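Below is one structure, written out as structure tokens; the observations come after it.
The values are calculated or read from the model by the stated rules, or taken from the named source; none is laboratory data. All values derive from a computational prediction rather than experimental measurement. A quick note on method: Cβ atoms are made from the backbone with ideal geometry, for glycine too, and the neighbour counts reach across all protein chains shown. Surface areas here come from the heavy atoms of the whole protein model, side chains and all, with no ligands, DNA or RNA. Shrake-Rupley method; radii C 1.70, N 1.55, O 1.52, S 1.80 Å.
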Amino acid sequence: MHTFQALRLLPGETEPLRQIATLTLDDLSPGNVVIQVAYSSINYKDALASKGLNAIIRSWPRIGGIDLTGTVLESADARFAPGDEVVVHGFGIGVDHDGGHAQLARVPADWVLPLPKGLSLFEAAVIGVAGYTAAYALHLMELNGLAPDQGPVLVSGATGGVASLAIDMLAQRGYQVTAMSGKADATPYLLGLGASAVTGRIAPQDQPKPLEKSQWAGAMDSVGGATLAWLTRTMQPGGVIAAFGNAGGAELATTVLPFILRGIRLLGINANSPMPLREIVWNKIAGEYRPAHLAQIAHVIDMQELPTYLDRTLAGQVRGRTVIDMGGSVQ
Ligand SMILES: NC(=O)c1ccc[n+]([C@@H]2O[C@H](COP(=O)([O-])OP(=O)(O)OC[C@H]3O[C@@H](n4cnc5c(N)ncnc54)[C@H](OP(=O)(O)O)[C@@H]3O)[C@@H](O)[C@H]2O)c1
């Protein structure tokens, strides 16, 4: 029987307890594919879940981590064999099924995606749920008419994981990108990813006009709240917004005027896509959307550092993507 290390979340009085534990396969949620995890990452949802916020985790104990990359160790499904390199994200891993913050994971074969050709396990982990979200947003925006010659694209929460990868992918594809960030020292990083301009965050206004100067052909929004409302007021006619985040608030106070006078489009993004869509989007990530700055975006840690970095993510103190190197020593 294999033994391995995991960061396990246990119920606590005020918030979950975090325990780096030695476990066996019997401790994991059921599944017919066992994966030796090479890398996982920290997404904002992992940080919320590890503090017991938003009732993300409802059954305990639980191993967090909503994405992972690794190598198949055992498979009872004919589609996978030992040695296959794979990616798993969403479908409830790290939430109601044990996730990637462990050296071994066990999941149903239907959730397992072969590693797309042209990406390494490390590169796919830097991309993770965050990069998938950015790429899916871009895919939907382009299906809705966005193209590089139509004008600038604003990306909010710019130093975040989704936004950093979005800036990189957009710039590689020829878009002119304006990065919106609350971090005063982030400009060199954001210009280095390919942004052509950097702007500060939007403050809520008491009584905003329903329409303001039209500026953006597209927008990818990590923030929600006042930022998303402002975007609806400042899009160009026919402009396309992809809304995927609520890092700054869940409310949306706007009017129908940008929709009926400028014809703007507001696209909702839920990255927990069905498998056929994942295949399309991951092939684009490995191909025409391929980011060029993964090394600058990634910060690599080990499992011992994971609790500290979960807290830093929640406090907005990290930049880009935090990737966990699982170390590979399963007994
Ligand atoms: N819909 C989906 O399927 C899906 C998938 C992935 C992520 N998400 C959501 O998308 C958002 C971004 O995720 P992520 O993993 O990129 O998170 P992240 O790495 O923590 O980045 C979030 C960024 O938002 C900005 N921010 C944080 N607090 C803010 C505030 N109070 N007001 C304004 N801006 C603030 C910060 O950027 P600056 O300091 O640069 O401004 C921060 O770096 C989160 O809300 C996450 O839950 C949704």
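In the range 42-54, the residues that are touching a residue at least 40 places away in the same chain (Cβ under 8 Å) reach residues that are open to solvent by 70 Å² or more (accessible area, probe 1.4 Å) and assigned to a helix (DSSP H, G or I) with C-beta atoms within less than 7 angstrom, at least six apart or across chains, in these pairs: Leu48/Asn54.
Residues that are within 9 Å of the ligand (Cβ to nearest atom) and open to solvent by less than 70 Å² (accessible area, probe 1.4 Å) within the range 234-272 comprise Ala243, Phe244, Gly245, Ala247, Gly248, Gly249, Gly268, Ile269, Ala271, listed in sequence order. Residues of the range 193-224 being touching a Leu at 6+ places or on another chain (Cβ under 7 Å), surrounded by fewer than 24 Cβ atoms within 10 Å (Cβ to Cβ) and among the aliphatic types (A, V, I, L, M), which ones? The answer is Val198, Leu211.
With the condition kept exactly as written, say whether any residue in the range 126-137 is more than 14 Å from the ligand (Cβ to nearest atom), over 13 Å from Val281 (Cβ atoms) and crowded, with 21+ Cβ neighbours inside 10 Å. Among the residues of the range 126-137, not one is more than 14 Å from the ligand (Cβ to nearest atom), over 13 Å from Val281 (Cβ atoms) and crowded, with 21+ Cβ neighbours inside 10 Å, which makes the answer no.
All of Ser40, Ser29, Ser75, Ser59 fail the test of being among the polar types (S, T, N, Q), within 23 Å of Gly245 (Cβ to Cβ) and in the same structural domain as Arg321 (by TED's automatic domain parsing), apart from Ser40.
In the set (1) out of contact with any strand residue (DSSP E or B) (no Cβ under 6 Å at 6 or more places or on another chain); (2) touching a residue at least 40 places away in the same chain (Cβ under 8 Å), the condition left unmet by Leu306 is number (1). If you check Gln176, Gln103 for being in contact (Cβ under 8 Å) with a residue 60 or more places away in the chain and away from the ligand (no atom under 14 Å from the Cβ), only one passes: Gln103.
Can you tell me which residue among Gln205, Gln176, Gln215 is modelled with pLDDT under 95, in the same structural domain as Ala147 (by TED's automatic domain parsing) and among the polar types (S, T, N, Q)?
So the residue among Gln205, Gln176, Gln215 that is modelled with pLDDT under 95, in the same structural domain as Ala147 (by TED's automatic domain parsing) and among the polar types (S, T, N, Q) is Gln205.
As a summary of the residue check, Gln207 satisfies the conditions (1) without any contact (Cβ under 8 Å) to a residue 40 or more places away in the chain; (2) under 20 Å from the mean Cα position of the chain (by Cα); (3) away from the ligand (no atom under 13 Å from the Cβ) except for the one numbered (2). Out of the residues in the range 55-81 that are closer than 28 Å to Gly249 by Cα and of a type in the set (Lys, Arg), which is surrounded by the most Cβ atoms within 10 Å (Cβ to Cβ)? Filtering first and then ranking leaves Arg62. Annotation: of all residues in the range 35-54 being part of a strand (DSSP E or B), out of contact with any helix residue (DSSP H, G or I) (no Cβ under 6 Å at 6 or more places or on another chain) and open to solvent by less than 10 Å² (accessible area, probe 1.4 Å), the one that is nearest to the ligand (Cβ to nearest atom) is Ser40. The set of residues in the range 18-33 that are open to solvent by 10 Å² or more (accessible area, probe 1.4 Å), part of a strand (DSSP E or B) and more than 16 Å from Gln304 (Cβ to Cβ) contains only Thr24.
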